[in-house]
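First the structure, in the form of structure tokens, and then the observations on it.
Laboratory data are not the source of any read-out in this text; all were calculated from the coordinates shown. The shown structure was predicted, so the numbers you read here are calculated from the model rather than taken from an experiment. Glycine gets a Cβ as well: all are built from the backbone with ideal geometry, and neighbour counts include every protein chain shown.
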Amino acid sequence: MNDTPQKEGALKGLRGGWLCMRSILHVAKMPFAWLPPTIAMFLLAAPLGAPRYSWFRNVLGNRYAPGEQIHHLTQDFRTDHGTVMGQLDGWTADAAAYLGLSAILLGLLFAGGWLQLLTGTGEGSVLRRFAFGGARFFWRFGRLLLMVLLILGGLRLVLYGDLWNEWVLQRLFDVPAHDLGRLETLDSEAIKVRLGWAQDGVFALLFALVLSWATYTRARIAMHDSISVLWTGAGAAWTILRHPIATLRPLIGLFLAEALLVAAILGQGARFLDRRLMDGGGIMEVGGLFALGLAALLVGEIMRGAKYVTAVETTRSLVRPVTSPDPWHTIGGPGGPQYPVDPDEDERYGVSL
């Protein structure tokens, strides 16, 4: 029995896993690259948290027992301050929308910084090259962001709009038009739940695929210094279609590693501290939750860098490099013939004036 295909598949899996590990280790050795973005993202929470902290400090004062409201607000507290808390929540929601947009724009800067470090040859410190890359690629990545939003909006219209209702609900499950919103004519409630799961699952899968495509497009823009986002995106999509396993498997591995660290390890720690707060914990538990939140941001930024390391290495292995003529090794006027200059050649072939 020939077991060569199984051996090749196992070797490819090991190479994919090793690429993920190597990417994480490579980024972990660059603290001056992942620490400033982590601090910047962490400080974005200050405009939301400071007003709430100030309000709670003024309201609580000496009117409530120490620790009475530390884990959850009592019903009496919510009744006494319900109106003001509603206004505070509304202001927080509006501010969070603007801060979310700021976080997205900062993410574009950080992406350019990472890719400048990974593909560029600039001079200066790590922070200087990181800032230069963020400014260099910001507008190109901004145009790519608009493309991503348009694609996701189109997918949402397809999966949660009339096309889903007509082709899936009406044609496959014979749901009448007047029951599309309630789905009461289905045979069982389980079918309704599974349809919702399928709808959300397909959208989540396509969402992840679009984000993976955007990652490889950013890598190609930085590697080839491309100006056309549309043309580069088409090339990245073609590469993913031709090599889906080689391109998507490392990103899936990084996603699983991040989920394991954040959900399994940091999440368990947060639940432990939360139970301690229910039993009457204090400043130590609150400080622990504070530290876990910062650690989650730190893990996310390291994984962001590892994702771009993976995209750059995978693209280099699959895509032929783009070569451009070196202007310092040719002689000739613009638009005319270019004559190569070889310093090792005899001087009689030099250019005389």
Can you work out ³J(HN,Hα) from phi for every residue in the range 126-138, in order, using Karplus 6.51 cos²θ - 1.76 cosθ + 1.60 and θ = phi - 60°, giving whole Hz and x for Gly and Pro?
4, 5, 5, 5, 5, 5, 4, x, x, 6, 5, 9, 4
Mind giving me the nanometre distance, one decimal, between the label points for residue 126 and residue 225, set 7 Å out from Cα along Cα→Cβ?
2.5
Please get the size of the charge dipole for the range 83-201, origin at its Cα centre, with Cβ charges of +1 on Lys and Arg and -1 on Asp and Glu, quoted in debye to the nearest 20.
880
If the label point sits 7 Å along Cα→Cβ of residue 237, residues of the range 187-221 with amide N under 12 Å come out as 210, 213-214
Output wanted: per-residue J couplings in Hz (rounded whole) for the range 141-149, from phi through Karplus 6.51 cos²θ - 1.76 cosθ + 1.60, θ = phi - 60°, x for Gly and Pro.
5, x, 5, 5, 4, 4, 5, 4, 5
Rank 149, 96, 134 by how far each Cα sits towards the positive end of the charge dipole of the range 85-156 (+1 on Lys, Arg Cβ; -1 on Asp, Glu Cβ) and give me just the farthest.
134
Given 25-37, 265-277, 243-255, the highest-first ranking by average Cβ count within 10 Å works out to 243-255, 25-37, 265-277
In whole Hz, the Karplus estimates of ³J(HN,Hα) for the range 295-303 (6.51, -1.76, 1.60; θ = phi - 60°; x where Gly or Pro) are 5, 5, 5, 5, 4, x, 6, 4, 5
Check each of the GluC sites (Glu not before Pro) in the range 135-196 and keep only those in coil by DSSP with at most 14 other C-beta atoms within 10 angstrom; list them in order.
184
